[in-house]
Structures are given as C-alpha cells and as structure tokens.
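We did not get these values from a lab; they are worked out from the coordinates using the rules stated. In this text the structure is predicted, and so the values were computed from the model without any measurement. We place every Cβ from the backbone using ideal geometry, glycine too, and count neighbours over all the protein chains shown.
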Amino acid sequence: MKILVTGGAGYIGSVTVEQLVHTGAEVVVFDNLSLGHRAAVHPDATLVVGDLADRAAIDDVLATTKPDAVMHFAARSQVGESMREPFRYIGDNVTCGLNLIESMVEHGIGRFILSSTAALFGEPQTIPIDENERIVPGSPYGESKHMLERILAWTDKVHGMRYAALRYFNAAGASEQRGEHHDPETHLIPLVLQVAQGKREAITVFGDDYPTRDGTCIRDYIHIIDLAQAHILALGALDEGSRVYNLGNGEGFSVMEVIETARTVTGHPIPHTMGERRPGDPAALTADSRKIRAELQWTPRFPKLHDIVDSAWRWHQAFPSGYPE
Ligand code: UDP
C-alpha cells in the first residue's frame, strides 16, 4: 500500500508516517516545510518538498508516485491565530484541500483521510460530543475544516471518493523519536513543559471564569500514537464506505489539571499566572468516541493524561531544542 501524506513533516503527520512505516506501508510525504521539520520525516519515507497551493506540484507528485490513498494533515491549525486571520485560515485550508481533492479525482485516487477537528462544535449542546452533535464552528479554523468535510461529502457523492474525517480533540504526547515542536509554540502541554525546562518563567492560563469545575477550559487530550493508529484503522475500513469519527479519550482535563499533572511528571513547580480568555476557545470539549471503538475496534493504548504528558516530557528531554533546522 502506498500512501501520500501531506503535512508529514508536522507533529501529527510525522508520527502517523512513523506508524505507517512500521506497518510496512510505502510512504511519500508532501510538505512545504513552512511549519514542519525535515528531521521529523521518518528516514524510510520519501520526502517531496512542495506546496498544496501549487496545483501543478500536486498533479506532479500524484502522477509520479501514484498513491493508493492520501492522508491530508497539512493545514493551518491554531484556533487563536484563526480568529486574528480568518481569511488566511479559510483561504489556505480550503483552497489547498480543494486543490488536492480535485487533483486526486483527476488522477483516479479514491481514498482520503482528513484531519478534522473538535473545533467544528463551538459550544456543544451535549458533552461528551458524539458525531450527531450539531456543527457550529467556534472559529474560522473550525469552519475551514467543516468546509473540507462538506467538499469531501460531495466528492464521495459525485465521484465516489471514499473518505474518513477524523475529528481530533487535543493531540498530545510523543513517540520516542517524534514530538511536538512548533515555532512559536502555542499549545498548552509543550508550553508547560518549556517552563519545566527553564525556557519560560511561567505558563499563562487563558481564563479562569469559564463555567467549568475550576473555571479553566476543559479539553480531551489524546495520545498522538493512538491518533495515528486511528488513521490506519480508518484507511483499512474505507472499502465499506466513507465515515466520520470523533476522536478523544472521553475524559476532560482542565488547564489547571494539566499543569498539576506536569508538575507531578517533571517534579518542577511550574509557576502559572492567570490571564485573559483566548478568543475562540470553547469552555469544554470532550469526545464520545464510542463509534470508532465499536466500528473499528480502536482502543487507546495511552488513555491516561499522566502517560501522555510523561511521553511528551521524555521527548522534550531527549530533544531539548526540538528538531534541528
Ligand atoms: N491554554 C492556556 N495557556 C496557554 C496555551 C493554552 O491556558 O498558554 C489553554 C487554551 O485556552 C485551551 C487549552 O489550554 O483551553 C488547550 O489549548 P491548546 O492551544 O493546547 O489546544 P486547543 O484546545 O486550542 O486545540
């Protein structure tokens, strides 16, 4: 099986590439390296440096590599940034995704896995959130992924492309060799660990007046390897039809609980200060993942927040400066 992975040099993409390689798949990574890292790409995968905004470059990589399926991770992915730059988020994510999907149709490639998001749900009506929750994105980022899900639904109807949209809750943790390295970093767990590493004085908590048990936002953190496994299972199931899944552990942790867990894992006091709310942040997002558990027998291997943070901490200690550029 040959799989093209867009964004395979990024955080979730690179760990999925690693796990795909372990299954014996042939992997081609297509990444413009604007946010990803060359060193994150597994050495057994082929890296093609190219941009999804460049339709000719996509046509070229599909024509020359002829993959059986595409996993599409490449995207702008920050809720907060998308509230400041809505057109860039919707423009880039939708245009690049559409370029890819159109080119795949032209090249007769009919298997697609989309990195979708819990940000589709804004302020959900029911928690934990299952696949029947109404979709009202809370940010332009979430909206861009919703548009891609809709484009895929039509591409299935009109062209028979089979797809799975995997709505990730909060991807976190690391494998032995691959972890989270963004520049600048905006995500909670790596920022907290940077405090433990002495790279930052303190972590700012974005709001403590949410309607949650301690006033800070609740999220469902899912280990990156469990997330990667879900992609592999979803790909294997596409012959039976397209599908969407919400992917999380089902248990929510507040920002303060994440910081407390990191204190236990690292032995560092991790000072925190209270700050303003971050625009676009819903109070609580936790997943009801019973559908993927039942249909694909997906079972998280690392459901405990402690183990997730511990894996990230081990990676940060092994690679204190992240990936070399
Ligand atoms: N958060 C925070 N301080 C930070 C970064 C994040 O309090 O410096 C909070 C953020 O408001 C959210 C949670 O931590 O409630 C997780 O944020 P992250 O950016 O990691 O992921 P997101 O939920 O946006 O996908």
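Simple spin-label estimate for M147 and D44 gives 3.8 nm between the two label positions (7 Å along the Cα-to-Cβ direction from each Cα). Shape call for the range 18-66 from the C-alpha gyration tensor, a ≥ b ≥ c root eigenvalues: rounded (a/c under 1.5), prolate (a/b greater than b/c) or oblate? Verdict is oblate for the range 18-66.
May I ask you to list the trypsin sites (Lys or Arg not before Pro) in the range 227-285 that are in a DSSP loop and have at most 15 other Cβ atoms within 10 Å of their Cβ? Counting only loop positions with at most 15 other Cβ atoms within 10 Å, the trypsin sites (Lys or Arg not before Pro) in the range 227-285 are R277. Extending 7 Å from the Cα toward the beta-carbon at both T186 and E325 defines two label points whose distance is 1.9 nm.
Note down the net charge around L238, summing +1 for each Lys or Arg and -1 for each Asp or Glu among other residues with Cβ under 9 Å from its Cβ. So the surrounding residues net to +1.
Principal axis extents of the C-alpha atoms in the range 221-285 (largest first, rounded to whole Å): 50, 30, 15. Computed over the chain, the convex hull of the alpha-carbon atoms projects to a mean area of 15.0 nm². Peptide packing for 181-193, 164-176, 296-308 was compared via the average number of neighbouring C-beta atoms within 10 Å per residue; ordered from the highest value, the list is 164-176, 181-193, 296-308.
Label-to-label distance, R301 versus E106, with points set 7 angstrom from Cα along the beta-carbon direction: 4.0 nm. Helix 140-159 and the longest principal axis of the C-alpha atoms of the chain enclose an angle of approximately 30°.
Counting only residues at least eight positions apart within a chain, or on another chain, the lysines with an alpha carbon under 29 Å from that of K199 are K304. The shape of the range 157-240 can be summarised by an equivalent ellipsoid whose semi-axes, obtained from the alpha carbon gyration tensor, come to 33, 18, 11 Å from longest to shortest.
Residue separation of R55 and T273 scaled by 0.36 nm, minus their Cα-Cα distance, works out to 73.9 nm of gained length.
Bridge orientation summary for the chain: considering DSSP beta bridges with both residues in this region, about 5 percent are antiparallel.
In terms of Cα atoms, the Rg and Dmax of the range 139-286 work out to 17.9, 56 Å.
Straight-distance candidates among the aspartates and glutamates for linking to K2, with alpha-carbon spacing under 17 Å and chain neighbours fewer than 8 residues away dropped: E18, E26, D31, D44, D59, D60, D68, D239.
The packing ranking, built from the mean of other Cβ atoms within 10 Å per residue, places the peptides 124-130, 235-241, 221-227 in the order 221-227, 124-130, 235-241, highest first. Helical runs assigned H by DSSP (4 residues or longer) give the chain a calculated mean residue ellipticity at 222 nm of -12000 deg cm²/dmol, each run adding -39500 (n - 2.57) before division by the residue total. Axis angle, to the nearest 10 degrees, between helix 55-65 and the longest C-alpha principal axis of the chain: 70 degrees.
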